[in-house]
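The values are calculated or read from the model by the stated rules, or taken from the named source; none is laboratory data. Keep in mind that what you see is a predicted model, and the values were worked out from it rather than measured. Neighbour counts are summed over all protein chains in view; Cβ atoms, including those assigned to glycine, are modelled from backbone coordinates with ideal geometry.
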């Protein structure tokens, strides 16, 4: 079967939109966000009481910016493309706010079957989007950048690093819940996502490798590697 080629730029755009939609759907489910998105969400729940303009999307890219600083310290280097990853995070943050607006706001649905359905859909979309991000040369979100750069610099297995990173974010979110006293910041969905996201990303990655190639359509995007 012939693979669909030159999906680099299209794949990146799809990944940004689908990842934001996945986070928004998990928010509407009310079971807790994925461990990667949970810290920013907990901070949002606290800060919105002080600054009403502090949206979930805003909190997400500010939290990712903090992670970028930690990454640069850990690997002792800085590359210009890291700033482009922050730009990706900002775009994703605005996309989250857009999807939440389309879905009627950040409050959870009241129907339990609907909440379960949107949670499962959200987890699948996030895992698929992350798998696509890992295959594009365009700047990923910082949460994906941390995994890919740590794997590249230290020579670690990407899937294993992703699993460890997810568990670390779960621990950070739990600590923030206690410190900021926002008890609805994480839930059973957060715990479930911590254990299913990495296997799903691996599964989607194998499917993507079978059906697509991620060469660039435009020469200038190759310079962003």
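Restricting attention to segment 11-52 and to residues that are without any contact (Cβ under 8 Å) to a residue 40 or more places away in the chain and assigned to a helix (DSSP H, G or I), the residue that is farthest from residue 129 (Cα to Cα) turns out to be 47. Taking segment 169-225 as the range and being more than 23 Å from residue 60 (Cα to Cα), out of contact with any strand residue (DSSP E or B) (no Cβ under 8 Å at 6 or more places or on another chain), at pLDDT 85 or above and part of a helix (DSSP H, G or I) as the test, the residues that pass are 199, 202, 203, 204, 205, 206, 207, 208, 209, 210. Residue 79 satisfies every condition listed in (1) within 14 Å of the chain's Cα centre (by Cα); (2) not in a helix (DSSP H, G or I) except (1).
Among the candidates 128, 98, 119, the residue that is within 15 Å of residue 21 (Cα to Cα), surrounded by fewer than 17 Cβ atoms within 10 Å (Cβ to Cβ) and touching a residue at least 60 places away in the same chain (Cβ under 8 Å) is uniquely 98.
The residues of segment 82-108 that are in a loop (DSSP other than H, G, I, E, B) and either touching a strand residue (DSSP E or B) at 6+ places or on another chain (Cβ under 6 Å) or at pLDDT 95 or above (or both) amount to a single one, 103.
The number of residues in segment 157-180 that are over 19 Å from residue 68 (Cβ atoms) and without any contact (Cβ under 8 Å) to a residue 24 or more places away in the chain comes to 7.
Each row is one residue, and each column tells you yes or no for (1) in a helix (DSSP H, G or I); (2) modelled with pLDDT under 85; (3) over 19 Å from residue 32 (Cα atoms); (4) out of contact with any strand residue (DSSP E or B) (no Cβ under 9 Å at 6 or more places or on another chain).
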| position | (1), (2), (3), (4) |
| --- | --- |
| 113 | yes, no, no, yes |
| 118 | yes, no, no, yes |
| 135 | no, no, yes, no |
| 151 | yes, no, yes, yes |
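Look at residue 59 and say whether it is buried (at least 19 other Cβ atoms within 10 Å of the Cβ), assigned to a helix (DSSP H, G or I), touching a helix residue (DSSP H, G or I) at 6+ places or on another chain (Cβ under 6 Å) and modelled with pLDDT under 95. Considered against the rule, which asks whether it is buried (at least 19 other Cβ atoms within 10 Å of the Cβ), assigned to a helix (DSSP H, G or I), touching a helix residue (DSSP H, G or I) at 6+ places or on another chain (Cβ under 6 Å) and modelled with pLDDT under 95, residue 59 comes out as no.
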